[in-house]
Each structure stands twice: as C-alpha cells, then as structure tokens.
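Q: To start, I am sharing the structure in question, which I have written as structure tokens.
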Amino acid sequence: MSAPAYIPEDQVAPNDIIDTDNRYRVPDLLMSNIPYSCIGVVIAENPDGTASRGTGFLIGPNDVVTCGHVLVDNTGEVAKQVYFYLGVNGDLDSHMRYTAQDISVPKAYVENMNAGNDWGTFQLTNNVGNYTGYLGWTTDYSAGMHVQVTGYPSDKPNYEMWMAGASIASISGNLVYHYVDTEGGESGSPIYNTLNFDGPMVVGIHGYGGTDSNYGRRVDSGIASVFSNLRNN
C-alpha cells in the first residue's frame with residue numbers, strides 16, 4: 001500500500017515570521033529535558049487517503065493536545081488514524097510510534113472550522129509521559145508576557161525541533177496573539193511561559209499566522225477543566 005499524500009501544512013493554516021527570524025534549533029543535548037521531551041510530531045491519516053502533519057504535546061501520562069485542523073480534514077472528517085512520535089529532532093524513523101485513541105475535537109470546530117475552537121486531544125496506548133514528563137498549564141497570563149513556541153516547522157529539514165520566544169501581543173475572545181516566529185508544521189505546538197517555579201506552563205495552542213502577529217486557541221477556564229479531567233482520568 002502506498003504512503004498517503006501529505007497536505008502542505010502551510011496551506012491549511014499559514015504561519016509567519018515576524019520581522020527577523022529568531023527561531024533556533026533545539027540542540028540534542030536538551031531533548032531529554034522538559035518541555036522538549038514532552039513535544040512530538042503528530043501525523044494524521046485522513047479517510048480520503050491523504051495525511052496531515054503537525055505538532056502535539058503531552059499534558060498527562062498519555063494525554064496529547066494539538067490543533068483541531070491537524071486531526072480533522074477540510075470536510076470535517078476526523079482522521080481515521082493518528083500517530084505520535086516523541087523526542088524527534090531530525091530522524092523520525094528511529095523513534096517509537098505511538099498510536100492514538102479517543103480522538104476528540106470540539107463539535108463547534110468540526111461544524112464551523114473557526115480558529116477559536118481549533119484544538120483537539122487524543123490519548124496514547126501507554127503512559128509514556130510518566131518517563132518523559134508532561135506540561136502544566138495556566139490561565140494566569142497577560143499581554144506583554146514572554147512566551148515560547150516549540151515545534152516542527154515545515155520550512156526546516158524534516159522533523160527538526162525548533163523554538164523561538166517573544167511576547168504575547170494581545171488576548172481577544174478565545175485567542176491569544178503572540179509575536180513568536182512560527183511556520184507551517186507548528187500547528188498544535190504549545191505556547192508556554194517559563195516564569196513559573198513549577199516549570200513551563202502552557203497558555204495556548206498555536207495554530208495560525210497573521211500580518212502582525214501569530215495566534216492560537218488560548219487556555220481559559222474551560223480548556224483548563226478539560227485538561228484536568230484528562231490527566232486525572
């Protein structure tokens with residue numbers, strides 16, 4: 001059976017470099033450290049035989065968060081199979097492939113494909129997060145706070161992990177806007193701050209690019225409650 005054709009991620013949700021490109025590749029030396037150990041490649045195989053690629057991150061022993069548009073095709077069909085690869089930094093095939101189950105995307109996103117509901121979750125078949133660690137989250141953030149985005153940009157050699165940092169531009173409705181440089185392939189990456197004594201805390205799920213800033217679904221009380229339920233159950 002032939003491999004599925006990939007939908008270019010930058011055609012699904014464009015992302016942008018804001019002014020100078022300030023991204024840098026995460027060195028292999030750091031890959032076993034949080035947050036890098038908790039972030040991985042998501043590959044979703046769609047019912048029509050195509051596949052899409054994005055980034056995801058652990059929020060619990062087997063709980064992964066990513067973007068809805070990584071898990072759902074442009075007709076609203078949820079992927080028939082999703083795979084997750086942790087600890088990748090340039091060589092996908094040498095890493096264990098984890099199979100997703102219990103894929104969940106908000107009904108509001110499936111019906112309307114709007115950015116404010118563009119997020120999703122799935123569970124892995126084992127508790128790998130007990131070994132790699134997993135990310136926390138917070139609803140306590142504001143414009144001007146420094147944040148970082150780490151993921152797998154499609155303009156770099158396949159499956160290299162890159163990151164960048166900048167400030168939150170604004171918060172509006174369900175969205176958090178930021179000045180962090182991103183590119184296609186990083187949809188589903190955590191937007192997180194590193195100012196908490198308990199470690200990196202996710203404030204949003206990156207998904208889109210704009211003229212002056214990039215943005216994604218913010219962590220609010222509703223999403224925080226879902227994350228807590230997933231981790232505890």
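The values are calculated or read from the model by the stated rules, or taken from the named source; none is laboratory data. Since the model is a prediction, treat every value here as computed from it, not as a measurement. For neighbour counting, all protein chains shown are included, and Cβ atoms are generated from backbone atoms with ideal geometry for every residue, glycine included. Side chains included, ligands, DNA and RNA excluded: accessible areas come from the protein's heavy atoms. Shrake-Rupley method; radii C 1.70, N 1.55, O 1.52, S 1.80 Å.
Q: Quick one: in the range 42-56, which of the residues that are at pLDDT below 95 and among the hydroxyl-bearing types (Ser, Thr, Tyr) is nearest to the chain's Cα centre (by Cα)?
A: Only one residue fits best here, namely Ser52.
Q: Can I ask one more? The conditions are (1) farther than 25 Å from Ser52 by Cα; (2) not in a strand (DSSP E or B), and Pro157 fails exactly one of them. Which is it?
A: Just one mismatch for Pro157, condition (1).
Q: Listed residues Ile39, Ile34, Ile59, Ile103; which is touching a residue at least 60 places away in the same chain (Cβ under 8 Å), open to solvent by 50 Å² or more (accessible area, probe 1.4 Å) and under 17 Å from the mean Cα position of the chain (by Cα)?
A: Numbers: Ile39 fails: open to solvent by 50 Å² or more (accessible area, probe 1.4 Å); Ile59 fails: open to solvent by 50 Å² or more (accessible area, probe 1.4 Å); Ile103 fails: touching a residue at least 60 places away in the same chain (Cβ under 8 Å).
Of Ile39, Ile34, Ile59, Ile103, the one residue that is touching a residue at least 60 places away in the same chain (Cβ under 8 Å), open to solvent by 50 Å² or more (accessible area, probe 1.4 Å) and under 17 Å from the mean Cα position of the chain (by Cα) is Ile34.
Q: Please enumerate the residues belonging to the range 164-185 that are out of contact with any helix residue (DSSP H, G or I) (no Cβ under 8 Å at 6 or more places or on another chain) and not polar (S, T, N, Q).
A: Scanning the range 164-185 gives Ala164, Gly165, Ala166, Ile168, Ala169, Ile171, Val176, Tyr177, His178, Tyr179, Val180, Asp181.
Q: Starting from residues that are open to solvent by 20 Å² or more (accessible area, probe 1.4 Å) and outside any loop (DSSP other than H, G, I, E, B), keep the ones in the range 116-135 and report whichever is farthest from Ile223 (Cα to Cα). If you could, list the steps in order and put the result at the bottom.
A: Step one: filter the range 116-135 for residues open to solvent by 20 Å² or more (accessible area, probe 1.4 Å), giving 117, 119, 123, 125-127, 130-132, 134.
In the following step, the residues that additionally are outside any loop (DSSP other than H, G, I, E, B) were identified as 117, 123, 130-132.
Numbers: Asn117: 10, Gln123: 16, Asn130: 22, Tyr131: 25, Thr132: 23 Å.
Once the filter is applied, the top-ranked residue is Tyr131.
Q: Could you grab me the full set of residues in the range 171-184 that are open to solvent by less than 10 Å² (accessible area, probe 1.4 Å) and outside any strand (DSSP E or B)?
A: Hits for the range 171-184 are Val180, Asp181, Thr182, Gly184.
Q: Hey, another quick one. Would a scan of the range 186-194 turn up a residue that is open to solvent by 20 Å² or more (accessible area, probe 1.4 Å) and of a type in the set (Phe, Trp, Tyr)?
A: Checked against the condition, which is being open to solvent by 20 Å² or more (accessible area, probe 1.4 Å) and of a type in the set (Phe, Trp, Tyr), the range 186-194 yields no hits at all.
Q: When you look at Tyr24, is it without any contact (Cβ under 8 Å) to a residue 60 or more places away in the chain and farther than 21 Å from Met201 by Cβ, yes or no?
A: On the way: without any contact (Cβ under 8 Å) to a residue 60 or more places away in the chain: no; farther than 21 Å from Met201 by Cβ: yes.
Taking the combined requirement at face value, the residue does not satisfy it.
Q: Kindly indicate whether Leu175 is aliphatic (A, V, I, L, M) and farther than 27 Å from Val88 by Cα.
A: yes
Q: Now a separate question. If you go through the range 200-225, how many residues are open to solvent by 20 Å² or more (accessible area, probe 1.4 Å) and either closer than 9 Å to Thr139 by Cα or of a type in the set (A, V, I, L, M, F, W, C) (or both)?
A: Summing the residues that are open to solvent by 20 Å² or more (accessible area, probe 1.4 Å) and either closer than 9 Å to Thr139 by Cα or of a type in the set (A, V, I, L, M, F, W, C) (or both) in the range 200-225 gives 4.
Q: Still on this structure, please answer the following. Just to be sure, is Asn74 part of a loop (DSSP other than H, G, I, E, B), farther than 18 Å from Gly204 by Cβ and either of a type in the set (Lys, Arg) or at pLDDT 95 or above (or both)? Explain how you work it out, then say what you get.
A: Working: part of a loop (DSSP other than H, G, I, E, B): yes; farther than 18 Å from Gly204 by Cβ: yes; either of a type in the set (Lys, Arg) or at pLDDT 95 or above (or both): no.
Considered against the rule, which asks whether it is part of a loop (DSSP other than H, G, I, E, B), farther than 18 Å from Gly204 by Cβ and either of a type in the set (Lys, Arg) or at pLDDT 95 or above (or both), Asn74 comes out as no.
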